[in-house]
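What follows is a single structure, written as structure tokens, with notes after it.
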Protein chains: 2
Amino acid sequence: MGSTSRTETFPAHTPAASQIFTTVLSHGPLTRLDAARRAGLSAAAVTKAVRPLLEAGYLVEDADEAARPALGRPANLVRVDGGRALFVGVKVTGDEIIGVLTDLCCRIRLARRVPLTDRATRAVLASAAGLVQELRAGADDLGVAVLGLGIAVSGDVDRAEGVVRYSPFLEWRDVPLAELAAMTTGLPVTLDNDVRALTIAEQWFGAGVGLSDFAVVTVGAGIGCALVVHGQVVAGAHGVAGEIGHVAIDPAGPPCHCGNRGCVEAIAGDAAIVARMREVTGRPVADTAEAVALAHQGVAGAREVYARAGEAIGRGIATVANLLGPERVIISGEGLTAYDLFAEQIRDSFGAAAFGSAAQCDVQTRPLPFEEWARGAAAAAIQSFITSTPTHRPGKG
Amino acid sequence: MGSTSRTETFPAHTPAASQIFTTVLSHGPLTRLDAARRAGLSAAAVTKAVRPLLEAGYLVEDADEAARPALGRPANLVRVDGGRALFVGVKVTGDEIIGVLTDLCCRIRLARRVPLTDRATRAVLASAAGLVQELRAGADDLGVAVLGLGIAVSGDVDRAEGVVRYSPFLEWRDVPLAELAAMTTGLPVTLDNDVRALTIAEQWFGAGVGLSDFAVVTVGAGIGCALVVHGQVVAGAHGVAGEIGHVAIDPAGPPCHCGNRGCVEAIAGDAAIVARMREVTGRPVADTAEAVALAHQGVAGAREVYARAGEAIGRGIATVANLLGPERVIISGEGLTAYDLFAEQIRDSFGAAAFGSAAQCDVQTRPLPFEEWARGAAAAAIQSFITSTPTHRPGKG
DNA sequence: GCCATTATTTTCCGCTGTCAATAAAAGAAA
DNA sequence: TTTCTTTTATTGACAGCGGAAAATAATGGC
């Protein structure tokens, strides 16, 4: 059933080798010379680093049939063989678990979701293990080994220690989830905060490729944010960073569960929008879908609710841009389904509140398929694998 | 007159050597073993890196007379010989130029200020050159060479290019100040933003020593901020970062010169405080000193003006803490002279607005002698010197 | 078949930092 | 005084990385 884990290690023993591999991974097929230029190394270094990776099957070589130049020796393209290894990514929310099986290039091969009724650690662990087992069965069908498991949880997560310090949605404190999951599944486990995991996926495979400073903002139940500065995801000295949701925008705004008033999340989070929609329209509004419907139907005041949310998000993003000067901000999240309702406000209020050249920051949106969060977890697992970061491994107990 | 520049280079050719030198510079006298531990290197590496630095006189050796352990070979302390080299730091404001002569340990040896009446590039350059000349004369008296000049200017400054992109106070755009100053003074010049320069001084010689993530917030005419993330000062993709002054705290707040309402600077900047003080007390208030006096005299409403400013600053700092999770925030600036008037509010509103563990962030204050800004510029020059960063050097005319 | 051109590999080579062994500098014990 | 013990510093051998340059490979054009 694939539950035996032959721990495989990645044959990139030097920093240069890791760097070249990630360059090829992010920038698609490259000639050795291009890879050298991109990574700031000599061609000789690339040849040397690439050889063991080719031999181990992580990289493969193609002739560049497409764009062969008129003159000179044709180049050989090097690319990552996605099918060489598989990873499982799992996102745990308060009411469901989403799992994906991805290849080494983080392309999704299978996706599954299971509802979560019991938030106790045991129950969550059992559900997650079942999901992982199911996905590994799919991997067995492909005849490829699963080399790692990534788990994404919202809240305060210590990746290095593999511990969920505090998760409001799950009501967990100090749960050593990585170790538990490693014991249960027999896989090396990487645990990270959900938005940070998503950001790793963007950094390596998405709209953050090639950027050393950018931010990801997620809009949905909560308003999340993760930052990449100097090419690395910011983790914060105390495990908390990117709390754009609790940046206070308006001291006269609605109260937030954090105890303040006028937090971005208290204006633009799902719950806030639904509550406000009820208040404004006087109708019973059960969830976001209904709120969106009301706004689309043009019910009086409904659009203003979204406009106000968009303004709050735009000002939050402007605050990030003013403080960090990122090259790009990527907006994503489930809330994006209503993007047409607040896009304009986001742009306007960002433009108004961004100071000086911070306004040059490129604000993009990325639709977020439901599996994307889990894919982020897989990206974190891939990152641990190829950088040979010590992960939590199945012990003997 | 000291205007001959024998360009001296720093004998630290490997990354390890630079790292060891900065370790010794920041952490005072160290034994070789301690330096190795701090820098994460072997003792052998320290011995090898230290030798050429001792020979060149940048480091010196002392016996550790003070705390000799009972047992074993007594340690030899290695420390930086501050007197080995001198640097000049200059801060240019809208109405004066402050200059200091510092040693290699960034200790101030001489300080001078000259008023600035004309903001034209030529005039500023001439005043600055005079100041530098005067300080170099002091260096000649000590018989030590000046090895670099640092210049700090507020606004949008491109350090790598040595260009002032935009300075509101000086009304400059795209002035290649580093090159001009290098030609005028014959010294290698490092140009940087004033708050970033101050932050380098804190990182190497102040309250930021040993921290990889912290922020410096300056309170005065403007509210400035610079951030250190992953051990490096954040410069921003478009040259703007740390604009805490234009983080909008209150959409109903007073209008700011940036076009928004309720920016931190529009509430807590000097001009805002003075204006508000006039409004509230109905008296003519000419400057901050008078505003402070009124508050200290207990004039009705005067304290509230400062309380409000403190609240704005505290919320701005909380925003930084929420987004970046720094280990420490260092508050400094001329405005600190009135610190007793808003300290409490800063702490309270920071505590209230910081989310979760972000509240663990250590908020400190550092009094700021008037020469401190110029000392920051000197620190930037020292940094360029010891990391052998290419600086703007005197050309041939 | 020869040449120009571009890509890749090979062959040194210098350099860095580690390791393990050794020297040095005490005070303590004999 | 002579040896130990303990801790610090130095030395020399060494493995490995990544660069420069030369060699080799693969083409299309003559």
Entirely in the range A:9-56, the helices (runs of 4 or more DSSP H) that have 2 or more residues that are more than 9 Å from DNA strand D (Cβ to nearest atom), more than 14 Å from chain B (Cβ to nearest Cβ) and within 24 Å of the chain's Cα centre (by Cα): A:15-26
Taking first residues from the range B:248-264 that are at the interface with chain A (Cβ under 7 Å from one of its Cβ atoms) and second residues anywhere that are assigned to a strand (DSSP E or B) and open to solvent by less than 30 Å² (accessible area, probe 1.4 Å), the pairs with Cβ under 6 Å that are 6 or more apart or on different chains are B:A248/B:C263; B:N260/B:A248
Does any residue of the range A:362-374 turn out to be more than 18 Å from the chain's Cα centre (by Cα) and surrounded by fewer than 24 Cβ atoms within 10 Å (Cβ to Cβ)? yes
Within the range B:332-343, track down each residue that is surrounded by fewer than 24 Cβ atoms within 10 Å (Cβ to Cβ) and out of contact with any Leu (no Cβ under 8 Å at 6 or more places or on another chain). B:T337, B:A338, B:Y339, B:D340, B:L341, B:A343
Within the range A:293-314, is even one residue open to solvent by 10 Å² or more (accessible area, probe 1.4 Å), of a type in the set (S, T, Y) and away from every other protein chain (no Cβ under 14 Å)? no
Yes/no for B:L187 being farther than 22 Å from A:S357 by Cβ and either open to solvent by 20 Å² or more (accessible area, probe 1.4 Å) or not assigned by TED's automatic domain parsing to the domain that holds B:A139 (or both): no
Within the range A:25-51, restricting to residues that are in contact (Cβ under 8 Å) with a residue 40 or more places away in the chain and away from DNA strand C (no atom under 12 Å from the Cβ), the one that is most open to solvent (accessible area, probe 1.4 Å) is A:H27
Those residues of the range A:228-241 that are facing chain B (nearest Cβ under 7 Å) and either without any contact (Cβ under 8 Å) to a residue 24 or more places away in the chain or open to solvent by 10 Å² or more (accessible area, probe 1.4 Å) (or both) come to a total of 9
Residue check for B:C225: in contact (Cβ under 8 Å) with a residue 60 or more places away in the chain, at the interface with chain A (Cβ under 10 Å from one of its Cβ atoms) and crowded, with 16+ Cβ neighbours inside 10 Å: yes
Yes or no: the range A:92-99 includes at least one residue that is open to solvent by 30 Å² or more (accessible area, probe 1.4 Å) and within 16 Å of DNA strand C (Cβ to nearest atom). no
So which residues in the range B:330-357 are modelled with pLDDT of 90 or more and within 11 Å of chain A (Cβ to nearest Cβ)? B:S349, B:G351, B:A352, B:A353, B:A354, B:F355
Wholly enclosed helices (runs of 4 or more DSSP H) of the range A:258-356 bearing at least 3 residues closer than 23 Å to B:G325 by Cβ and not polar (S, T, N, Q): A:264-268, A:302-324
If you scan the range A:156-182, which residues turn out to be open to solvent by 10 Å² or more (accessible area, probe 1.4 Å), of a type in the set (A, V, I, L, M) and modelled with pLDDT under 95? A:A160
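The values are calculated or read from the model by the stated rules, or taken from the named source; none is laboratory data. The shown structure was predicted, so the numbers you read here are calculated from the model rather than taken from an experiment. Please note: Cβ atoms are built from the backbone with ideal geometry, for glycine as well, and neighbour counts cover all protein chains shown. Calculation scope for accessible area: heavy atoms of the full protein, side chains included, ligands and nucleic acids excluded. Shrake-Rupley method; radii C 1.70, N 1.55, O 1.52, S 1.80 Å.
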